[in-house]
Amino acid sequence: MADKKERGEKSARGDRPKGITVKKSENFSEWYTQAITNTEFVDYTAVSGGLAFRPDGYFAWETMQRATDALFKEVGIQNVYFPMLIPERLLNKEKEHVKGFSPEVAWVTHAGDSKLDERLAIRPTSETIMYESYAKWIRSWRDLPMRYNQWNSVIRWEFKHPTPLLRSREFLWNEGHTAFASQEEADLERDVILKIYEMITRDYLALPGILGKKTNKEKFAGALASYSIEHLLPDGLVVQGPDFHSDGQNFAKAFEITFIDRDEQRKYVHQNTFAISTRELGVLLATHGDDKGIIIPPRIARIQIVIVPIYNNENMATVLMQAKALFMRLGVKFRTHVDDRDIYSPGWKFNEWELKGIPIRIELGEKEIKAMDVVVVRRDTGEKIKVKMADIELKIGELLNEINSNLYMRARKFLEANIHHAKNFDELKDTIKGRGGIVQAPWCGSTECEDKVKEESGAKISNMPFDKQGDIKGRKCIYCGNEAKHIANFAKSY
């Protein structure tokens, strides 16, 4: 066991945590790059746009995935799995879908040295491979609704400059694919799924978002209508979060997914698709992190509490014994870790755990043992609180809930402060250029105006917020001045 002097020398010999070297407010792009990798959340690999999820990152995904999956099962959705390779002939069955995804598809053309008779796409999404089976499995109204979901990874290769997590070439997600006997039944599913996604983003990730409908230009290829939760990042750009697509009978007709209804007539099914992905983790890190590192909300943190014992050679045995006893108490209810590495000083450890965003740090030394209390430090606020040993379990539970609520409310306040309004197009352009964020403005519904706004301001319509459509009466389109049909969110995006 190293003595105190040796511990100090070792921790000062260049073996230090990789901290953040830029301020988030001054260089967000570089801050984000350092924040996701120096904290050991994810890392780059030899594949451009492909990430390795390290334990903290993958635990966060597993937790949100399991929570989402449980809610899916509560409403009657079942899990399945389909191949990742899709024959080209299946993609060609649905022309609008293929047109939307063709620039993104990566192809398998050879097996060893032999050229394949037919190219195989590495799935950018699974509609085509799944719906060939749906056409075999669905025969009667008794087979409906068919509400299946699969958890998998997909590859989309269309962009030149991937942004880790926010726009990765390979990402993890769910694919919900459901079929119903009527459009009315299919439409009822929208609010159920969006409510699940809203609950996950709020309660697990502490992320607010704006729910709304996508424009026809921005909707999913092959869908009748698309809906999304949109997030605003600290750099003033929006990014699309979880989404839901009403597909109508487009895929059913392409793949001949029919059934005999109660009236003995053969009909096409009505379908929906929906997804949440690892992009949410990028939004989380970007939203909650600060100049010290990332901040992980308690419910998805692999380590919720780290205990840092503070000792010297004389009291080492006593302090470590008390730290272990505290670990045994807290570990029953919370994900707890004792950092008893003897080659690093307490200050070094404080910096490392702050960098990694662990929600709560407990400092325990001889002074605390004698007073029968501990020092509890909140990562979200930096506040130090003295807590009596007798009350530790109760207080930790309260603090973890408070941290989650505070992170959400802080992010919500930022979002609301950066939703702007414009009286005319010049004001919209000036706001987008100067302040960034979201500009809510009336829009006539024409793609021509939508394109012109993006061309002249750089802002696209991210979605049309559900809660603002009642404000449209008597309003004029922000671009052409004709009667407005929608309130739209205009913003630059990833």
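Going through the cross-link list 195/433; 23/349; 160/219, which pairs have a Cα-Cα distance over 27 Å in this structure? Table pairs above 27 Å Cα-Cα are 195/433. Take the Cβ atoms of residue 113 and residue 184, set R0 to 51 Å, and the FRET efficiency comes out at 0.40.
For residue 386 and residue 398 in the same chain, what is the full-extension length gain: residue separation times 0.36 nm, less their Cα-Cα distance, in nm? Extra length available between residue 386 and residue 398 comes to 2.9 nm. Straight-line cross-link reach from residue 388 at under 18 Å between alpha-carbon atoms covers these aspartates and glutamates, not counting any fewer than eight positions away in the same chain: 363, 366, 368, 373, 398. For residue 247, the residues whose amide H sits under 5 Å from its own are 224, 271, 272, 273, ignoring neighbours fewer than 5 places away on the same chain, with H placed 1.01 Å from N.
Given +1 at the Cβ of Lys and Arg, -1 at the Cβ of Asp and Glu and no other charges, the dipole of the range 319-459 around its Cα centre is 580 debye to the nearest 20.
Per residue of the chain, what 222 nm ellipticity follows from adding -39500 (n - 2.57) for every DSSP H run with n ≥ 4, rounded to the nearest 500? Walk me through the numbers on the way to the answer.
Working: 15 runs with 177 residues, N = 494.
Theoretical 222 nm ellipticity from helices: -11000 deg cm²/dmol.
Spacing of the modelled spin labels on residue 475 and residue 370, each 7 Å from Cα toward Cβ, amounts to 6.6 nm.
Taking the C-alpha atoms only, the angle from helix 183-203 to the longest principal axis of the chain is near 20 degrees. Model label points for residue 446 and residue 137, set 7 angstrom from Cα along the Cα-to-Cβ axis, are 4.5 nm apart. The lysines whose alpha-carbon is closer than 18 Å to the alpha-carbon of residue 267, local same-chain residues fewer than 8 away aside, are 136, 253. For the range 374-465, GluC sites (Glu not before Pro) meeting the loop criterion (DSSP other than H, G, I, E, B) and having at most 16 other Cβ atoms within 10 Å: 383. Checking every one of the trypsin sites (Lys or Arg not before Pro) in the range 413-444 against DSSP loop status and a limit of 12 other Cβ atoms within 10 Å picks out 423, 435.
Extending 7 Å from the Cα toward the beta-carbon at both residue 46 and residue 342 defines two label points whose distance is 4.0 nm. Give the shape of the range 303-401 as rounded, prolate or oblate, defined through the alpha-carbon gyration tensor: a ≥ b ≥ c are the square roots of its eigenvalues, a/c under 1.5 means rounded, and otherwise the shape is prolate if a/b is larger than b/c and oblate if not. Taking the square roots of the gyration eigenvalues as a ≥ b ≥ c, the range 303-401 is oblate.
Amide H contacts of residue 54: 42, 43, each under 5 Å away and 5 or more positions distant or on a separate chain (H built 1.01 Å from N in the peptide plane; Pro and chain starts excluded). In terms of other Cβ atoms within 10 Å, 192, 306, 75 run from fewest to most in the order 75, 192, 306.
To the nearest 20 debye, what charge dipole does the chain have about its Cα centre, counting +1 at the Cβ of each Lys and Arg and -1 at the Cβ of each Asp and Glu? Don't skip to the answer; put the middle values down first.
Values: 74 positive and 72 negative charges, 118 e Å.
My answer is approximately 560 debye.
Cβ crowding within 10 Å, taken as a proxy for footprinting-reagent exposure, orders 157, 353 from fewest neighbours to most as 157, 353. The angle between the Cα long axis of helix 346-356 and the longest principal axis of the Cα atoms of the chain comes to about 0 degrees, rounded to the nearest 10. With neighbour counts taken as other beta-carbon atoms within 10 Å, the residues 431, 201, 258 rank, fewest first, as 258, 431, 201.
A short reminder: the numbers here are calculations on the coordinates, not readings from a lab. Only a predicted model underlies this, so the values are computations on that prediction, with no experimental measurement involved. Every residue, glycine among them, receives a Cβ derived from its backbone with ideal geometry; neighbour counts consider all protein chains shown.
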